[in-house]
Amino acid sequence: MLLTIILALVGIAMVMLGARGLTDGAAAVARRLSVPPVVVGLTVVAMGTSAPEFFISLMSSLRGTTDIAVGNVVGSNIFNTLLIVGVAAIAAPMILNKSTVMREVPVGMGATLLLFVLAYDRVISRWDAALLFAAFLAFMIYTVRKALRSRHNAEGTPADTQPMPWWRAALFIVLGLAGLVWGSDLFVDGAVRVARYIGVSDAVIGLTIVAGGTSLPELATSVVAARQGHSEMAIGNVIGSNVFNILMILGITGLIGPLPLYEITMTDLAVLFGSALLLWLFSYTRFTIERWEGWLLTGCFVAYMGYLISNV
């Protein structure tokens, strides 16, 4: 069992390193092709930060452990919204732009509401997944068009003094993908073995350990961004990750095969919806997420974790 735990930890480390390599390599290629930096940030980098969740959910779905696949997404989004935003707001009140509150935050809310409705019958069918993925494509088209319209904002930005060579960018992408595939396979296998050994359901493992592990990069990024006064970056990191998790990850994995929700309960989905609703409401209060609101979000996360542990 100790060896299994070690291999699971090695797996998640490989996933994180793989995601970093894939993101760096893809961003370097995009820069060499003269793609605007804002488009890179909203697409390539956003996909890269969601890569751990994607590959772990994909491997879980292929292995038949759909509760881990869905629980990873649901748990990651709860982790992102309650704990990451909460801790970031505690570190420094998050001042948001009106456009972010009026556009990006409702998009995250809409994606969460769509998942809540589609999962009400306890299964994400291929038709449901197709709808999620279609919404993802629509979101990407909207994002890219918006980025291209603001392309002039990026003009005058100094280019890299020493761009990454093509061969190195390609190597980063290949090794990143290898790390994601192999690492996610190790981590899912280890998590399932440990869960079954101690009698914990796949759903709880997906909602807690897997979700928390894959969300650690977002936690570190958002807290640092908030402390440096970059609240827009912090909140954008959370919203972008949540939208990608629901629309892209569940869209693709659900198209591969239906995702029945065996032990992911309506309570879990209600907490997911409630966390998105709280974020939306707090954002509208003077376009600022205050420290006390951050403490409330963090308290809700601790309460939810306590609820899951008490029901093991």
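The values are calculated or read from the model by the stated rules, or taken from the named source; none is laboratory data. Note that the structure is a prediction, hence the values are computed from the model and not measured. All Cβ positions, glycine included, derive from the backbone under ideal geometry; neighbour counts span all protein chains shown.
What the table shows:
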{"item": "Selection status of Ile78, assigned to a helix (DSSP H, G or I), out of contact with any strand residue (DSSP E or B) (no Cβ under 6 Å at 6 or more places or on another chain) and modelled with pLDDT under 90", "result": "no"}
{"item": "Within the range 83-104, tally of residues that are of a type in the set (A, V, I, L, M, F, W, C), assigned to a helix (DSSP H, G or I) and in contact (Cβ under 8 Å) with a residue 12 or more places away in the chain", "result": "9"}
{"item": "Scope the range 243-275; condition farther than 20 Å from Met305 by Cα and more than 16 Å from the chain's Cα centre (by Cα); matching residues", "result": "Gly254, Leu255, Ile256, Gly257, Pro258, Leu259, Pro260"}
{"item": "Residues of the range 23-51 classified as modelled with pLDDT of 70 or more and under 18 Å from Trp182 (Cβ atoms), total", "result": "2"}
{"item": "Qualifying residue in the range 184-194 (condition: at pLDDT below 80, acidic (Asp, Glu) and in a loop (DSSP other than H, G, I, E, B))", "result": "no"}
{"item": "Qualifying residue in the range 295-307 (condition: of a type in the set (A, V, I, L, M, F, W, C), farther than 14 Å from Val85 by Cα and without any contact (Cβ under 8 Å) to a residue 24 or more places away in the chain)", "result": "yes"}
